[in-house]
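Comments concern the structure below.
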Amino acid sequence: MKKFALLLSLLTLTFVSCEGPMGPPGPPGEPGDGLVWKILPYTVYDKDWKLSGRAGELNSYYWYEFQESELTRFACEKGNVFGYRWLDKDTQTPLGQVVVIGESDNFGNEFLFSEVYSFSFRPGYITFYVDYSDFETSVRPNTCEFRIVLNY
């Protein structure tokens, strides 16, 4: 009896389920309906870093800003922005990267500090930052390569 009921169900589904003609196309999609990926490379050369404040002053830091048309209001408000710094040609690290450094001078004095690499963005612009924990901003940061991954 169970086999008969199963056979009857399969036959019913076979005859009832059929395909008809294709319907009309749907309305056009809105921005953000499909995922868009953008990979944006940036290089800040050592000579281009701008100092906020005076060298060695408390709360001084370095920054550099790029204009970026890909950072639309929609992408900034509804999307995701991920930042990375290239350490070498094969290795990258996510931004707010903290680099802890220990150095010594010719007299055996030790200097301990950290560098923090970060970024911010707003429609049309992206800004990279370098902060030193000891505010020793009389020395410019080296040339840095960054990569921003944008999806919306």
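The values are calculated or read from the model by the stated rules, or taken from the named source; none is laboratory data. None of these values were measured; they are calculated from a predicted model. A quick note on method: Cβ atoms are made from the backbone with ideal geometry, for glycine too, and the neighbour counts reach across all protein chains shown.
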| message | Among the numbered criteria (1) surrounded by fewer than 13 Cβ atoms within 10 Å (Cβ to Cβ); (2) modelled with pLDDT of 90 or more; (3) within 12 Å of the chain's Cα centre (by Cα); (4) not charged (D, E, K, R), which one does residue 40 miss? | response | (1)
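Each row is one residue, and each column tells you yes or no for (1) hydroxyl-bearing (Ser, Thr, Tyr); (2) modelled with pLDDT under 80; (3) out of contact with any Gly (no Cβ under 9 Å at 6 or more places or on another chain).
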residue: 2; (1), (2), (3): no, yes, yes
residue: 8; (1), (2), (3): no, yes, yes
residue: 45; (1), (2), (3): yes, no, yes
residue: 60; (1), (2), (3): yes, no, no
residue: 67; (1), (2), (3): no, no, no
residue: 111; (1), (2), (3): no, no, no
residue: 118; (1), (2), (3): yes, no, no
| query | Looking at the stretch 127-152, which of the residues that are under 12 Å from residue 43 (Cα atoms) and not aromatic (Phe, Trp, Tyr) is surrounded by the most Cβ atoms within 10 Å (Cβ to Cβ)? | reply | 148
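Residue-wise test of (1) modelled with pLDDT of 90 or more; (2) under 11 Å from the mean Cα position of the chain (by Cα).
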residue: 82; (1), (2): yes, yes
residue: 89; (1), (2): no, no
residue: 95; (1), (2): yes, yes
residue: 124; (1), (2): yes, no
residue: 131; (1), (2): yes, no
residue: 135; (1), (2): no, no
residue: 144; (1), (2): yes, no
residue: 150; (1), (2): yes, yes
| query | Is there any pair with a first residue in the stretch 131-143 that is assigned to a loop (DSSP other than H, G, I, E, B) and a second that is hydroxyl-bearing (Ser, Thr, Tyr) and at pLDDT 90 or above whose Cβ atoms are under 8 Å apart and which are 6 or more apart or on different chains, and what are they? | reply | 135/60; 137/60; 137/61; 137/62; 140/62; 141/62; 143/43; 143/45
